[in-house]
1. Given 281/328; 130/170; 130/281, which pairs have Cα atoms separated by over 27 Å?
2. Can you sort 195, 69 by solvent-accessible area, 1.4 Å probe, largest first?
3. So how much accessible area does residue 295 have, in Å² to the nearest 10, using a 1.4 Å probe?
4. Set the bar at 22 Å for Cα to Cα. Now go through 295/316; 166/322; 122/295; 212/247; 165/322; 247/322 and name every pair that lies beyond it.
5. Work from the charge dipole of segment 182-245 (Cβ charges, +1 for Lys and Arg, -1 for Asp and Glu, about the Cα centre) and give the residue of 241, 194, 224 farthest towards its positive end.
6. How much of residue 281 can a 1.4 Å solvent probe reach, expressed as accessible area in Å² and rounded to 10?
7. Compute the label zone of residue 49 within segment 64-85: residues whose backbone N is under 11 Å from the point 7 Å along Cα-to-Cβ.
8. Straight-line reach from residue 174: which aspartates and glutamates have a Cα under 15 Å away, not including same-chain ones fewer than 8 places off?
Amino acid sequence: MKRRNFIKKASATGLGLATVSSSILNFDRKEFRKNKSAVIKPLVIATWRTDLAVETAAEVLEKGGSALDAVEQGCRIEEANEKNQTVGLGGLPDRDGNVTLDACIMDAKGGYGSVLGIKNIKHVISVARKVMEETPHVMLVGEGAEQFAVSKGFKRENLLTEKSKKDWKKWKEKSEYKPIINIENHDTIGMLALDKEGNISGACTTSGLAYKMAGRVGDSPIIGGGLFVDNEVGGAAATGLGEEVLKTVGSFLIVELMRQGKTPQEACEEAIGRIVNKPGKNYKDFQVGYIAVNKMGETGAYSIHEWFSYNVYKDKLNQNIKSDFFNKV
């Protein structure tokens, strides 16, 4: 598979940043079959421009840490970033002014944990890991999830920042609800990592759609929707309008397509096709984007509309990449 030249290179935190075609990230598959060491490891891929989160995850991997530790630590960066109004602290609230968070995590052994509609806890990705590792369940919701988090030492705190509160009050003046492509739907960080042992894990954390109905949960904490990992094949994560991702079980679909022999890029494109080709589907009104990685270290990404981007750390470079997209009209 031919590699393309970088369009643009820059240096930010000691790691190179570039805007490139996703095909540059793919390896020669025949070369891989001859010599599995040809895979460049470690690797991290995450939705949107999440430079520091990906760099943090990469540092864990470079020090010999697991993919599971990497995705947890990477997601915690965005959960603590109050300027990111779509994740954790500072997340935009629901219509009643409550910040509710969703998160899930999957490890290389097939383990899974998630929390849904949890309040007052910033690092919900870590709570999801606790659910996976320390309970007989895979999902905890609402007050039960919050109580569990507190029992494990997580501190309650007010997640509604003054900026998000001000924005919510302004929204209430008209109370009009309509998802805005690449703005309100920029609601998730989904992250996948491949460690030095060749194991894949993934994580996803969000505050959900801004000004959603109280109790609404999207795809992010749902296995096979916002995230799916099969360590024999690869992993996938989603962002955008969760209702549409769930209707096609998008991340699970991508992993199964890779199992059937498709590259991550081909699988992401087909998954978007399953959404936009539904009869009567007005895809022009919403955005969905996917990222994926397989065991060979190949990556892919695709979205319905332009301007979805994602970060990839590979071969000691942290690159922000503009995704290819379906709606080019």
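1. Flagged as over cut-off: 130/170; 130/281.
2. Ranked from most to least accessible, the order is 69, 195.
3. The accessible area comes out at roughly 60 Å².
4. Violating the 22 Å limit, Cα to Cα: 166/322; 122/295; 165/322; 247/322.
5. 241
6. Using a 1.4 Å probe on the heavy atoms, I get roughly 50 Å².
7. Counting only backbone N, you get no residues.
8. Within reach: 94, 96.
The values are calculated or read from the model by the stated rules, or taken from the named source; none is laboratory data. Keep in mind it's a predicted model, so treat the numbers as computed, not measured. No Cβ is skipped: glycine too gets one built from the backbone with ideal geometry, and neighbour counts run over all protein chains shown. Remember, those area values only see protein heavy atoms, side chains included, never the ligands or the DNA or RNA. Shrake-Rupley method; radii C 1.70, N 1.55, O 1.52, S 1.80 Å.
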